[in-house]
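Heads up: the structure comes next, in structure tokens.
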Amino acid sequence: MSASVETASLLADRIIALEESSTLAMTKKARELAAQGHKVISLSVGEPDFKTPKHICEAAKQAIDEGYHGYSPVAGYADLRKAIADKFKRENNIDWKPENIVVSTGAKHSLANVIQVLVNPGDEVVILAPYWVSYSEMVKLAEGKSVVLDGAFENNFKVTAEQLEAAITDRTKIVMYASPNNPTGSVYSEAELRAIADVIARHENVFVLADEIYEHINFTPNGHFSIGSIPEIKDRVITVNGVAKGFAMTGWRIGYIGAAKWIADGVEKLQGQVTSGTNSIAQRATIAALNGPTEPTREMAQAYERRRDLVVKLLKEIPGFKVNVPEGAFYAFPDISYYYGKSDGETTINNSDDFALWLLNKAYVATVAGSGFGAPYGLRISTAASDESLTEAVQRIKEAVATLK
Ligand SMILES: Cc1ncc(COP(=O)(O)O)c(C=O)c1O
């Protein structure tokens, strides 16, 4: 049977209902235009533009030579789980034993696993928006119900404890968020997370899924704070992290959780039937990443901060754009809604999807519409690119929007 409208309808309902990842979709379109010979500047993908530090690559080569060629334990090698438990203690003040750790195929996999393991059909998952595109789709796959809470631009896109309290019902199972945040770069401070933890402490059946994948790319003076370090709710916090962003290891596909043992056991059980232990060589490399020198990570974070400054300055010069100052990660997220309803004479822009597509076709700059992040007024621009590319891209955006009337 060839692919067609009819065969597509044979897919399972859960796949038909699933949205395609908007970040990956834009990256695909940008590649197509580039293949046609257009000079596309791609700022759509959430990926460091650095290479994996050398000592980590060396550890992987050594692992191949030493014969790490077979299946690994489902939850990860014992010495990797120990390295992760040590990291949680050292950097996050969270006391987990190796038995509380499960290693998976990227933080994306870790998040999806936890949702599958905890969410029953009809359970509510409160998502602090703007949120990473996959959260709501992972909840959908588990037949849960997303309850999206909007972080206001004026509050640097952060949801308050009062908003959270008002949203919790008898069906609430999980509250999930990322800090530093994708797409906004916002960072929840210790005080804000303590206020959120107070709310969680009052609702004893509610869990927190804390996505800390951008932990090391944090420009705030006080640095990162982990909600899982608060003793009153520790057993109900699942902390997700990985090596993709902080160590420039997106393709190695290693993520992990620290969680109460019964949750970790549930994830191990699921993984044992679906994927087994993740890539053995990448696991060995991750031990080198976590136990090795911190300078490469720090240097990359400094480069992201410098680029953040550059991009924020340039974006603020574009009439109609409302620009926040990201405190971490490697994205800018201007509010572009001033241009909705405007036209360049050929195309009318009605929403963020129109804007991102129009910008790609008109100026060959690939970005991602805010709609997929639960923030239809915004546009995500990755700052993980060279100064020259970023300067040229923002100049192109400026010239393109000048044609909108
Ligand atoms: C907020 C957030 N969480 C998780 C991930 C997934 O990370 P990984 O590459 O380890 O699966 C991403 C990647 O873009 C992300 O932005």
>> Condition check: within 16 Å of the ligand (Cβ to nearest atom) and closer than 25 Å to G370 by Cβ. Does E32 satisfy that?
In response: no
> Of these, G46, G37, G76, G70, which one is surrounded by fewer than 19 Cβ atoms within 10 Å (Cβ to Cβ), touching a residue at least 24 places away in the same chain (Cβ under 8 Å) and part of a loop (DSSP other than H, G, I, E, B)?
Replying inline: G70
> In the stretch 226-242, which residue that is out of contact with any strand residue (DSSP E or B) (no Cβ under 8 Å at 6 or more places or on another chain) and not charged (D, E, K, R) is farthest from the ligand (Cβ to nearest atom)?
Replying inline: P231
> Across the stretch 182-192, which residue is farthest from the ligand (Cβ to nearest atom) among those that are of a type in the set (S, T, Y) and without any contact (Cβ under 8 Å) to a residue 40 or more places away in the chain?
Replying inline: S189
> Could you list, in sequence order, the residues of the stretch 49-64 that are outside any helix (DSSP H, G or I) and open to solvent by less than 20 Å² (accessible area, probe 1.4 Å)?
Replying inline: P53
> Taking the condition over 30 Å from K140 (Cβ atoms) and touching a residue at least 12 places away in the same chain (Cβ under 8 Å), does K82 pass?
Replying inline: yes
> Identify, please: which residue in the stretch 2-34 is in contact (Cβ under 8 Å) with a residue 40 or more places away in the chain, open to solvent by less than 70 Å² (accessible area, probe 1.4 Å) and of a type outside the set (S, T, Y) and is, among those, nearest to T184 (Cα to Cα)?
Replying inline: M26
>> Looking only at helices (runs of 4 or more DSSP H) that lie completely in the stretch 277-376, which have at least 1 residues being modelled with pLDDT of 95 or more, out of contact with any helix residue (DSSP H, G or I) (no Cβ under 9 Å at 6 or more places or on another chain) and within 16 Å of the ligand (Cβ to nearest atom)?
In response: 295-316
> Given A152, A195, which one is under 20 Å from the mean Cα position of the chain (by Cα), open to solvent by 20 Å² or more (accessible area, probe 1.4 Å) and free of Cβ contacts under 8 Å to residues at least 40 places away in the same chain?
Replying inline: A152
> If we only count strands (runs of 3 or more DSSP E) wholly inside the stretch 88-177, which ones have 3 or more residues that are closer than 30 Å to G251 by Cβ and within 15 Å of the ligand (Cβ to nearest atom)?
Replying inline: 101-104, 124-129
> Between residues in the stretch 247-263 that are on the phi > 0 side of the Ramachandran plot and residues that are open to solvent by 10 Å² or more (accessible area, probe 1.4 Å) and basic (K, R), which pairs lie under 9 Å by C-beta distance while being six or more apart or on different chains?
Replying inline: A248/K51; R253/K108
> In this structure, does F207 turn out to be crowded, with 20+ Cβ neighbours inside 10 Å, in contact (Cβ under 8 Å) with a residue 12 or more places away in the chain and over 15 Å from the mean Cα position of the chain (by Cα)?
Replying inline: yes
>> Out of E388, E392, I need the residue that is open to solvent by 50 Å² or more (accessible area, probe 1.4 Å), without any contact (Cβ under 8 Å) to a residue 24 or more places away in the chain and more than 16 Å from T347 (Cβ to Cβ). Which one?
In response: E388
>> Going residue by residue through the stretch 251-264, is there one that turns out to be surrounded by fewer than 18 Cβ atoms within 10 Å (Cβ to Cβ), within 14 Å of the ligand (Cβ to nearest atom) and at pLDDT 95 or above?
In response: yes
>> Going through V159, V139 one at a time, which residue ends up being over 13 Å from L111 (Cα atoms), modelled with pLDDT of 95 or more and buried (at least 18 other Cβ atoms within 10 Å of the Cβ)?
In response: V159
> In the stretch 264-299, which residues are out of contact with any His (no Cβ under 8 Å at 6 or more places or on another chain) and aliphatic (A, V, I, L, M)?
Replying inline: A264, V267, L270, V274, I281, A282, A285, I287, A289, L290
> In the stretch 210-238, what count of residues is obtained for those that are surrounded by fewer than 20 Cβ atoms within 10 Å (Cβ to Cβ), without any contact (Cβ under 8 Å) to a residue 40 or more places away in the chain and among the small types (G, A, S)?
Replying inline: 1
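The values are calculated or read from the model by the stated rules, or taken from the named source; none is laboratory data. None of these values were measured; they are calculated from a predicted model. Because the Cβ atoms are built from the backbone with ideal geometry, glycine has one as well, and the counts that use them run over all protein chains shown. Only protein heavy atoms, including side chains, enter the accessible area calculation; ligands, DNA and RNA are left aside. Shrake-Rupley method; radii C 1.70, N 1.55, O 1.52, S 1.80 Å.
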